[in-house]
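Heads up, the thing below is written out as structure tokens.
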Amino acid sequence: MDLIYTAWDFANSGNDPIESGVLKRGTFDCDIDDGNDFSFLSSYDVGDDPYLPMLIDQYIFLEGTEYGGLVTNRKIDKQARTIELSGLTFRGYLDTKIVIVPSGRDFYTVNGDLRSIIRDLFRDCYMPTHWVIDDVSNITVSYQFDRYCTLSKALNDLCEKYKLKMMFRHENDGIHFSIVKLDNLTREVELSKEDYDHISLTITQKGDYPNFMIALGKGELQAREVLYLSSLGGVNLSSRDAIYEGARVITYENTSSDNLLTDATNKFNELMANFVASEYGSYITTAEINSYDDSIELDIGDVVNIFEPIFSVRLSVKITGKLIRKVNQDKEVITYKFTEVHNG
């Protein structure tokens with residue numbers, strides 16, 4: 001895929017960024033989800049493309065994808081003879097918009113068909129006119145957003161509740177935004193070295209979960225409320241005598257709690273939520289796949305199977321992030337980040 005840059009279409013009032021050229025030399029890095037930012041680093045000297053240093057407030061992106069965004073920063077190093085352009089991805093741009101609570105109301109609430117709600121959110125958050133609402137699931141939604149949250153959080157909350165995913169791409173008429181049902185591809189896609197020649201798979205399992213929690217509530221010194229909770233067989237009330245040699249113990253403090261047992265139990269359950277039980281113990285399992293394969297194109301939120309043949313580990317995982325790198329005109333490499341999906 002080519003790395004495209006845009007210029008403003010002054011023939012049409014200068015409001016629309018149109019595809020203008022290809023960046024052929026340099027290193028392009030894009031982080032989808034964690035930082036939601038990108039950078040492009042290139043050597044630069046007198047006689048090179050005179051337009052390159054002017055690419056502030058323009059878009060650069062890999063053609064036909066969401067990998068890229070609006071250039072808001074540039075750094076020119078005369079001694080190293082380099083220029084670096086950076087900014088927020090299309091997803092990251094949503095963090096710059098705030099869902100403003102209407103006057104006279106406590107919250108921004110929605111109830112209706114999803115397309116109308118997205119249209120109203122874009123209007124109320126002052127999204128640019130060159131953002132085009134494209135594919136939208138034909139569903140009815142109802143939601144109360146957090147007060148003055150970002151547009152990114154508002155849309156992610158909707159996605160979480162209604163099992164949706166967001167997709168972005170740049171075309172000549174603007175930035176196309178879609179919000180559709182996420183894909184569970186576990187029956188169609190299993191990523192493994194056996195099936196795909198151009199991927200590398202890394203699985204990490206973290207098993208250092210806490211066995212006990214000491215909850216500290218109201219009071220001072222000897223009079224302070226102290227409870228012992230265990231995670232063995234599910235979070236439950238325990239005792240000091242149950243703590244065994246080698247146990248991993250944490251503390252939880254809440255001096256304002258009127259129900260320390262409930263609050264501590266909720267906190268312990270929250271900490272344990274990502275640990276998935278198996279015959280070998282409980283683990284937080286994460287995975288990364290480096291893909292050079294054109295046949296693999298997955299979105300944030302998609303669920304797939306992965307298989308590691310050496311240890312015969314097969315997991316259902318949800319895509320949580322992507323890292324993209326393209327060097328010069330070489331083929332881009334996509335690193336997919338996953339977390340294990342809890343069955344049931």
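Along the Cα→Cβ direction, 7 angstrom out, place labels at residue 200 and residue 96. What is the inter-label distance in nm? About 3.5 nm separates the two model spin labels.
Here the extension length gained between residue 314 and residue 226 equals 27.5 nm, from 0.36 nm per residue of separation less the Cα-Cα distance.
Between residue 253 and residue 107, the distance separating the two model label sites (each 7 Å from Cα on the Cα→Cβ line) works out to 3.2 nm. If you plug the beta carbon distance of residue 183 and residue 244 into 1/(1 + (r/R0)^6) with R0 = 56 Å, you get a FRET efficiency near 0.80. Within the shell of other residues whose beta carbon sits under 13 angstrom from the beta carbon of residue 167, the net charge comes to -3, with Lys and Arg scored +1 and Asp and Glu -1.
Within the stretch 223-242, what residues put their amide N at less than 13 Å from the label point 7 Å along the Cα-to-Cβ vector of residue 261? Those under the cut-off are 226-230, 236-239. Note on residue 163 and residue 270: the model spin-label points, each 7 Å out from Cα along the C-beta direction, lie 2.6 nm apart. Rolling a 1.4 Å probe over the protein heavy atoms of the stretch 26-166, with every protein chain left in place, gives an accessible area that is 47 percent carbon and sulfur.
In a shell of Cβ-Cβ distance under 9 Å around residue 260, excluding residue 260 itself, what net charge do Lys and Arg (+1) and Asp and Glu (-1) give? Numbers along the way, then the final one.
Values: positive: 218; negative: 225, 258, 263.
Result for the local shell: -2.
Given q = 0.16 Å⁻¹, what are the Debye log10 I(q)/I(0) values for the stretch 79-233, with equal point scatterers placed on the Cα positions and solvent ignored? Relative scattering, expressed as log10 I(q)/I(0), comes to -0.98. Rounded to the nearest 0.05, the FRET efficiency derived from the C-beta distance between residue 144 and residue 1 at R0 = 51 Å is 0.80. To the nearest 10, the accessible area of residue 270 is 120 Å² with a 1.4 Å probe. Given their separation in residues at 0.36 nm each and the Cα-Cα distance between them, residue 237 and residue 43 gain 63.6 nm when the chain is fully extended.
The values are calculated or read from the model by the stated rules, or taken from the named source; none is laboratory data. As the structure is a prediction and not an experimental result, all values here were calculated from the model. Methodologically, a virtual Cβ is constructed for each residue, glycine included, from the backbone with ideal geometry; neighbour enumeration extends over all protein chains shown. With ligands, DNA and RNA removed, areas are computed over all heavy atoms of the protein, side chains included. Shrake-Rupley method; radii C 1.70, N 1.55, O 1.52, S 1.80 Å.
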